[in-house]
Amino acid sequence: RKAGMAEVATGVLHNVGNVLNSVNVSASLVRETLNGSEIGSLGRVAGLLREHNGNIGDYISSDPKGRLLPDFVIQLSEQLAREHTLIRSEAEQLTRNIEHIKGIVAMQQSYAAVSGVLEEVSIADLVRDAIHMHSSGLRRHGIQIGYESADLPHVLIDKHKVIQILVNLIKNAKHAITDAGRTDGRIAVKIAAAESDRASISIADNGVGIPSENLVKIFSHGFTTRATGHGFGLHSAALAAREIGGALRARSAGSGKGATFILDIPLTAAKAVK
């Protein structure tokens, strides 16, 4: 029982930690943008306008500094608009990530009850959310991520478990590429119909790859080949896949040849809610 409790706690910390990495990146971008903001220049413009309040027309038309003011205001407006767009985007991402953290905690709390909360969701939306959570980190490492999706119906599923799995898989793909030292890192995400009642989400990378002898071990609790790894991510992802009625599997041609992880999820529940 203690071992089981420790495993659940480890899973919570690992999955929350994944999302907190994205929260930290967004918070850092907002802080850097605010620290370097041109909002102070707007105050200086206001000071000039206040100083020449009685002769603003002459100041703009005759004074050498005044003639520069309109162009400066236009450039300042454009810069502040870019800052606003960035901060708003990162604030929205922070909100989504915090909601996901709350969902992870709620999901673990639900283990004491019958099951997690089932919601009718778009598979494509879940995949896009998981990709967006890693977008800043992928850009920082120069990793390109491609996305392809089939037209599939909505599913009735515990969306936080699906996002938990996808976040783990994308993070592992990023680590596989950086560990390989590649400068042309690529991740390909594809949603497809696997069978009439199932969909598959594949995440392929061109990273370090997986030796054949490790393909049967990678989902075991505590197994890792990374010096700083803990062996919790793939294990918890495999458990979550089973809990939603799906499965998680891996393919690789060997060391240095990249790897593909495939999450199969059921579509049968979707037909009941269409």
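The values are calculated or read from the model by the stated rules, or taken from the named source; none is laboratory data. Since this is a predicted model, take the numbers as computed values, not measurements. Note that we place each Cβ from the backbone using ideal geometry, even for glycine, and neighbour counts take in every protein chain shown. Accessible surface is based on the protein model in full, side chains and every heavy atom, while ligands, DNA and RNA are left aside. Shrake-Rupley method; radii C 1.70, N 1.55, O 1.52, S 1.80 Å.
When you go through A173, A180, A188, A193 one by one, which is the residue that is over 21 Å from the mean Cα position of the chain (by Cα), among the small types (G, A, S) and buried (at least 16 other Cβ atoms within 10 Å of the Cβ)? Walk me through it before giving the result.
Working: A173 fails: over 21 Å from the mean Cα position of the chain (by Cα); A188 fails: over 21 Å from the mean Cα position of the chain (by Cα); A193 fails: buried (at least 16 other Cβ atoms within 10 Å of the Cβ).
Only one candidate passes the filter, namely A180.
On the basis of being over 23 Å from L20 (Cβ atoms), touching a Gly at 6+ places or on another chain (Cβ under 9 Å) and of a type outside the set (S, T, Y), does D197 make the cut? Can you show your working first?
Values: over 23 Å from L20 (Cβ atoms): yes; touching a Gly at 6+ places or on another chain (Cβ under 9 Å): no; of a type outside the set (S, T, Y): yes.
Spelling it out, it is not the case that D197 is over 23 Å from L20 (Cβ atoms), touching a Gly at 6+ places or on another chain (Cβ under 9 Å) and of a type outside the set (S, T, Y).
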* **Close pairs (7 angstrom Cβ cut-off, 6 or more residues apart or separate chains): open to solvent by 50 Å² or more (accessible area, probe 1.4 Å) in the stretch 237-249, of a type in the set (K, R) and modelled with pLDDT under 90 anywhere** => E243/K161
* To do: Identify, from the list G142, G146, the residue that is open to solvent by 30 Å² or more (accessible area, probe 1.4 Å), at pLDDT 90 or above and in contact with a Lys or Arg (Cβ under 8 Å, 6 or more places away or on another chain).
  => G146
* Asked: Just wondering, is there one or more residues in the stretch 220-232 that are part of a helix (DSSP H, G or I), modelled with pLDDT under 90 and surrounded by 17 or more Cβ atoms within 10 Å (Cβ to Cβ)?
  -> no
* To do: Give the residue that is farthest from G36 (Cα to Cα), with candidates limited to residues of the stretch 50-84 that are open to solvent by 70 Å² or more (accessible area, probe 1.4 Å) and among the aliphatic types (A, V, I, L, M).
  => L68
* Asked: If you go through the stretch 264-272 one residue at a time, do you hit one that is farther than 23 Å from V162 by Cβ, open to solvent by less than 40 Å² (accessible area, probe 1.4 Å), at pLDDT 90 or above and not hydroxyl-bearing (S, T, Y)?
  -> no
* Asked: What pairs can you find where one residue is in the stretch 77-106 and without any contact (Cβ under 8 Å) to a residue 40 or more places away in the chain, the other is assigned to a helix (DSSP H, G or I), and their Cβ atoms are less than 7 Å apart, with a gap of 6+ or different chains?
  -> R96/D129
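Got at least one residue in the stretch 68-81 being in contact with a Phe, Trp or Tyr (Cβ under 9 Å, 6 or more places away or on another chain), modelled with pLDDT under 90 and at negative phi? Spell out the reasoning first.
Filtering the stretch 68-81 for residues in contact with a Phe, Trp or Tyr (Cβ under 9 Å, 6 or more places away or on another chain) gives 69.
This time we only want the ones that are modelled with pLDDT under 90, so: 69.
Now restrict to residues that are at negative phi: 69.
For the stretch 68-81, residues in contact with a Phe, Trp or Tyr (Cβ under 9 Å, 6 or more places away or on another chain), modelled with pLDDT under 90 and at negative phi: present.
Results for (1) on the phi > 0 side of the Ramachandran plot; (2) at pLDDT 95 or above; (3) touching a Lys or Arg at 6+ places or on another chain (Cβ under 6 Å); (4) in a helix (DSSP H, G or I), shown as yes or no for each residue.
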site: G137; (1), (2), (3), (4): no, no, no, yes
site: L156; (1), (2), (3), (4): no, no, no, no
site: I163; (1), (2), (3), (4): no, no, no, yes
site: L166; (1), (2), (3), (4): no, no, no, yes
site: K171; (1), (2), (3), (4): no, no, no, yes
site: R182; (1), (2), (3), (4): no, no, no, no
site: K190; (1), (2), (3), (4): no, yes, no, no
site: A204; (1), (2), (3), (4): no, yes, no, no
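Here's a check for you: in the stretch 90-133, which residue that is of a type in the set (S, T, Y) and not in a helix (DSSP H, G or I) is modelled with the highest pLDDT? Break it down stepwise before answering.
Quick first cut of the stretch 90-133, residues of a type in the set (S, T, Y) only: 95, 110-111, 115, 122.
With the extra rule that they be not in a helix (DSSP H, G or I), the set shrinks to 115, 122.
Values: S115: 46, S122: 92.
It comes out as S122.
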* **Failed item, numbered, when I87 is tested on (1) within 26 Å of L34 (Cβ to Cβ); (2) β-branched (V, I, T); (3) at pLDDT below 85** => (3)
